[in-house]
There are 2 protein chains.
Amino acid sequence: MGSLKYAADRLAANQRPPLSEAQEDYLKQVLLLGSEGRGTDRLEDTTTVSTQALAERMQVRPASVTGMLKKLAELGLVEYEAYRGVRLTQAGHRVALEVLRHHRLIEAYLHQALGYGWEEVHSEAEKLEHHISEAFEARIAQWLGHPSHDPHGDAIPSATLELPQSLPNRRLVGLEPGSTGRVARVATQDQDSLNLFAHLGLKPGARVELLEHAAEGSRIRVGKERYLLPASLAQVLWIHLEEENHANPA
Amino acid sequence: MGSLKYAADRLAANQRPPLSEAQEDYLKQVLLLGSEGRGTDRLEDTTTVSTQALAERMQVRPASVTGMLKKLAELGLVEYEAYRGVRLTQAGHRVALEVLRHHRLIEAYLHQALGYGWEEVHSEAEKLEHHISEAFEARIAQWLGHPSHDPHGDAIPSATLELPQSLPNRRLVGLEPGSTGRVARVATQDQDSLNLFAHLGLKPGARVELLEHAAEGSRIRVGKERYLLPASLAQVLWIHLEEENHANPA
DNA sequence: CCCATTTTTTAGTTTAGGCTAAACTTATAG
DNA sequence: CTATAAGTTTAGCCTAAACTAAAAAATGGG
């Protein structure tokens, strides 16, 4: 009786029962995985995501993923077809963007307000993103001046969940030798990789030149130093080219 | 096998396996309840705490409390004797103080850095206290200048978990009519009560005069206004008297 | 000092989100 | 067009932390 009443109230107010931390994380990773591995860094979940990819990302067994996907499908947050993968629904997409907004705002705040290194903010934000109120979100967004990107160069969805326009970027691994540009995004969540990038000075905004691609990786120049960047890392480094003509694509 | 090895490692490093949010909350409330209802506001858990009191505070059934207390006793965090109540062990006391430090530092930070009203900070801190790292704790403590009290006037345990010295305070409900002093602590976690105190201007530091005690509550003066404060609220308002002689207690 | 009331415990469920092992699909290679 | 590999799902089990119902213990008033 009571529960029916509350359910009706939620329906009337168009509210969702609160999602668990795990559920939010799954939705976020479906969005991120669905947008990965393509030539653009836009966050659109065109692609369908596999159970296995999700299992690896969540550090969980595939069987556990199946269980969770069924639950999320019942909640109307994903479209799930057995053996074929998942994709976010409208509602699920909104939740994922909300979580991402929290995550990236927190990263920006930790960096700018509390002096965290840009490579340190991810893991702290990972824990906090599920536990802040809308009031907290609003206050740090305001303190930061409603930033469009976080310290890794990732776009921050606006309060209305639109994604800001980003400059055209390409993965370092796909550039022509001789190209020069600035780091736009460091698109990894792996702490060791982040530490390495930070150590090499490869943070968003840094100027970098691609010397050549070799079998062992890509040779690059950063300031006066030259490095050999393994392909796995050159994959996740997005560069905004300097000398390109953006004015007249026609 | 593996688990034995890890257990041994933890023992060697004198580490505890991480506690759940619920476990931390129980320990915190044992500390708070054990220090309540006495003439002092020092945080010492001399008293033993009943299952029932804990159940009310945690919004949970007594049976659930019993279950949790048994678990905490196994972990060596409380001394628990059936039918007689609980008390924190050394180790449990330390955990409780750590959680309290997190909570109160967060409250202070929300108030001073992000402009939250002092009556708004409790519930946000309640969620965040379990999810911040030691690095975060250290950074906000430093930003704040290592404060000794939070916006409600509650003492903040230091990094080494010592409690700062507080001025001698007494509950409003126990003062003699005619006394004047300043609000030292607003010792409630109830949001409605906090809102009311805030509305009346009864925040830490505010000057207040006790006019008289009546059956319906205590008549007070705050600035130019006079109010009748129900006994339940006069209970939780701690006053630092102005005209008392603290210099020579002998 | 006994009985009624209150408090606490016991025993058995529930829900969320993991796990393993086995079974089943889909894709791929002959 | 099968046979096998790779990927996925099912079934069954586990733990944490809540719950309920009922039994047992403690307490306090007459």
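Observations
- B:S64/B:S20 FRET efficiency (R0 22 Å; Cβ-Cβ; nearest 0.05): 0.95
- Teacher prompt: A:S123 distances to equivalent labels in other copies, 7 Å Cα→Cβ, nm: 3.3
- Sulfur and carbon atoms: percent of accessible area, the range A:170-247 [1.4 Å]: 48
- Degrees between helix B:2-13 axis and first principal axis of chain B (Cα, 0 to 90, nearest 10): 50
- Pairwise burial A:B, computed as accessible area of each alone minus the pair, summed, 1.4 Å, Å²: 1500
- Sites A:A138 and B:D192 - FRET efficiency at Förster radius 22 Å, r taken between beta-carbons, to 0.05: 0.40
- Sequentially through the range A:19-30, phi angles give Karplus couplings (6.51, -1.76, 1.60; θ = phi - 60°) of 8, 6, 4, 4, 4, 4, 5, 4, 4, 4, 6, 4 Hz, Gly and Pro residues having no value and appearing as x.
- Counting all C-alpha pairs of the range B:146-250, share separated by more than 15 Å (%): 63
- Once the partner protein chains are put back, the range B:112-156 shows a loss of at least 50 square angstrom of accessible area, versus the chain by itself, at B:L114, B:Y116, B:L128, B:H131, B:F136, B:R139 (probe 1.4 Å, ligands and nucleic acids excluded).
- Here, P(r) means the percent of Cα pairs in each 10 Å bin from 0 to the largest distance; for the protein assembly as shown it is 3, 15, 21, 23, 18, 10, 6, 2, 0, 0.
- Evaluated at q = 0.26, 0.29, 0.34 Å⁻¹: base-10 log I(q)/I(0), Debye formula over Cα of the range A:172-215: -1.02, -1.10, -1.16
- At 7 Å out from Cα toward Cβ: A:G67 inter-copy label distances (nm, ascending): 1.8
- Closest approach to the axis - chain B beta-carbon, rotation onto A, Å: B:H131, 3
- Summary value for the range B:170-247: 43 percent relative contact order, contacts being C-alpha pairs under 8 angstrom separated by 6+ residues.
- Sequence-ordered 3J(HN,Hα) estimates for the range A:182-190 from the Karplus curve with 6.51, -1.76 and 1.60 and θ = phi - 60° stand at 10, 5, 9, 9, 10, 9, 9, 10, 7 Hz, glycine and proline given as x.
- Over the residues of chain A, the helix contribution to mean residue ellipticity at 222 nm works out to -13000 deg cm²/dmol, using -39500 (n - 2.57) for each DSSP H run of at least 4.
- Three-way shape label, the range B:1-165, alpha-carbon gyration tensor, a/c 1.5: oblate
- In percent, rounded to a whole number, the relative contact order of chain B is 14, using alpha-carbon pairs under 8 Å and six or more apart.
- To the nearest ten degrees, helix A:134-144 and the longest principal axis of the Cα atoms of chain A are 20 degrees apart.
- Rounded Å value of the spacing that divides the Cα centres of the range B:54-125 and the range B:142-173: 17
- The same position A:R38 in the other copies lies at 6.5 nm from this copy, comparing label points 7 Å beyond Cα toward the beta-carbon, shortest first.
- FRET efficiency estimate (nearest 0.05) - Cβ-Cβ, A:T160 to A:S50, R0 35 angstrom: 0.65
- Lysine pairs meeting the criterion (Cα under 25 Å, 8 or more apart or interchain), as found in chain B: 9
- Per residue, the accessible area of chain A comes to 53 Å² when a 1.4 Å probe rolls over the protein heavy atoms.
The values are calculated or read from the model by the stated rules, or taken from the named source; none is laboratory data. As the structure is a computational prediction, the values presented were derived from the model and not from experiment. Cβ sites come from the backbone with ideal geometry, for glycine too, and all protein chains shown count toward neighbours. We work out accessible area using only protein heavy atoms, side chains counted, and drop any ligands, DNA or RNA first. Shrake-Rupley method; radii C 1.70, N 1.55, O 1.52, S 1.80 Å.
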